[in-house]
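Remarks on the structure that follows.
None of the figures in this text is laboratory data; all of them are computed from the coordinates on show. Given the structure is predicted, the values throughout are model-derived calculations rather than measurements. Backbone-built Cβ (ideal geometry, glycine too); neighbour counts: all protein chains shown.
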């Protein structure tokens, strides 16, 4: 996994925490988004922790770039900000989860594992904001947005993602390589005009599709 955190003290603390857990192998950590983007294009880790307050390129812009470059990597925000605007901007930018720095070490590790498994971990306070926003914006009638034309394999991959499978699980299910899934995801993102797996699945569901059981 990778870590992007500009505060050297915080970065060292998180590095120390991660190295204590056998399930977390730290591929690298960086103090700026620019340095991270240059390195991560070759490393391609399963998860990247991203702080939002970065010098130079912002955390949200870093998320957008990483999401386009690493469609199979889970992007997990780790920040002190718990305001709704930052949460939703990060999710729209491609974040798969949003954790607060006030989270316990146990919760942080659990969130990383959940992201690796294809989940979307949220700190309790953040989850409350998301639920409240959905309640406020809910409408009786569901709008249906047609999907653009997708190739059969692209649609198959999108359906498996909607069922909750992570990209590696999709590869195993379809007996294809992880890199092949990554290439298909790039094509899907381009056709749907989205930047992340979360956005792609939402577009799939908005089209009125229901994943088969």
Query raised in the report: Filter the range 159-178 for residues that are part of a helix (DSSP H, G or I) and without any contact (Cβ under 8 Å) to a residue 12 or more places away in the chain; which is farthest from residue 197 (Cα to Cα)?
Result: 172
Query raised in the report: Only one residue in 59, 2, 31 is farther than 28 Å from residue 185 by Cβ and surrounded by 16 or more Cβ atoms within 10 Å (Cβ to Cβ). Which one?
Result: 31
Report task. Would you be able to tell me the number of residues in the range 183-202 that are part of a helix (DSSP H, G or I) and more than 16 Å from residue 96 (Cα to Cα)? Result -> 8
Query raised in the report: Restricted to the range 71-80, and to residues that are under 28 Å from residue 185 (Cβ atoms) and either without any contact (Cβ under 8 Å) to a residue 40 or more places away in the chain or out of contact with any strand residue (DSSP E or B) (no Cβ under 9 Å at 6 or more places or on another chain) (or both), which residue is surrounded by the fewest Cβ atoms within 10 Å (Cβ to Cβ)?
Result: 72
